[in-house]
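K.L.:
So that we are looking at the same thing, I have put the structure below in structure tokens.
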Amino acid sequence: MPPLSNASPAPFLILYHSQATSARLRFLCLAEGVLAFGPLPHPLTLRDNAHTPHTVRPMPAAWSAEACRRLELPHDALEADHDFLEEVLHEGSAYPVLLARFTSIDPPFALAETLHARFISLLEARRRPALERELLRRAYTHILG
């Protein structure tokens, strides 16, 4: 995803769907992983505390809108979470990780299929790399409290 400004690296997004009737939570897992939209630099580490007072916070709504544009979805297909912020580090640069929820009643399985992606539960994420598992754990805790 191209940066909106030169001030900081472009954020990555965790895209998820929460079933309204059952609270079933699933994360979109793309070919490159659960962080949209790579490619991801390597190696990445997770910052222990992304919520420091000096952290420049990206505009979640702008990045959710950009994700809708890239995925060719209606502008209201994703809802940004303005309270979630994590950061991954690579060679001295901090990449924000934001959270956005699919607003549809059911997960957009057809979209996932066109992306060669799938929706996974937190339990299914056990096969993902440790950094992704930890980010999903933090997202899950944030979403469900």
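The values are calculated or read from the model by the stated rules, or taken from the named source; none is laboratory data. Note that the structure is predicted; figures quoted are calculated from it, not measured. Neighbour counts run over all protein chains shown; Cβ positions are idealised from the backbone, glycine included.
K.L.:
Restricting attention to the range 13-32, which residues are small (G, A, S) and surrounded by 19 or more Cβ atoms within 10 Å (Cβ to Cβ)?
P.N.:
Listed by number, the list is empty, since nothing qualifies.
K.L.:
Shifting gears a bit: From (1) touching a strand residue (DSSP E or B) at 6+ places or on another chain (Cβ under 9 Å); (2) modelled with pLDDT of 95 or more, pick out the condition that doesn't hold for R127.
P.N.:
Status for R127: all satisfied but (2).
K.L.:
Out of G38, G92, I need the residue that is more than 19 Å from S18 (Cα to Cα), small (G, A, S) and over 13 Å from the mean Cα position of the chain (by Cα). Which one?
P.N.:
On the way: G38 fails: over 13 Å from the mean Cα position of the chain (by Cα).
Unique residue meeting the criteria: G92.
K.L.:
List the number of the failed condition for R118; all other conditions in (1) among the basic types (K, R); (2) out of contact with any Pro (no Cβ under 8 Å at 6 or more places or on another chain); (3) under 21 Å from H142 (Cβ atoms) hold.
P.N.:
Every condition holds for R118 apart from (3).
K.L.:
A follow-up question, please. Residues that are touching a Phe, Trp or Tyr at 6+ places or on another chain (Cβ under 7 Å), more than 19 Å from A31 (Cα to Cα) and surrounded by fewer than 17 Cβ atoms within 10 Å (Cβ to Cβ): does the range 129-142 have at least one?
P.N.:
Within the range 129-142 (the criterion being touching a Phe, Trp or Tyr at 6+ places or on another chain (Cβ under 7 Å), more than 19 Å from A31 (Cα to Cα) and surrounded by fewer than 17 Cβ atoms within 10 Å (Cβ to Cβ)), the answer is yes, since at least one residue qualifies.
K.L.:
Test each condition in (1) modelled with pLDDT under 95; (2) part of a loop (DSSP other than H, G, I, E, B) for P74 and report the one that comes out false.
P.N.:
(1)
K.L.:
Then there is this: What are the residues in the range 87-145 that are out of contact with any helix residue (DSSP H, G or I) (no Cβ under 7 Å at 6 or more places or on another chain), closer than 16 Å to A67 by Cβ and not in a helix (DSSP H, G or I), if any?
P.N.:
If the condition is that a residue be out of contact with any helix residue (DSSP H, G or I) (no Cβ under 7 Å at 6 or more places or on another chain), closer than 16 Å to A67 by Cβ and not in a helix (DSSP H, G or I), then Y95, P96, R101, F102, T103, S104, P107, P108, L115, A117 are the ones that fit.
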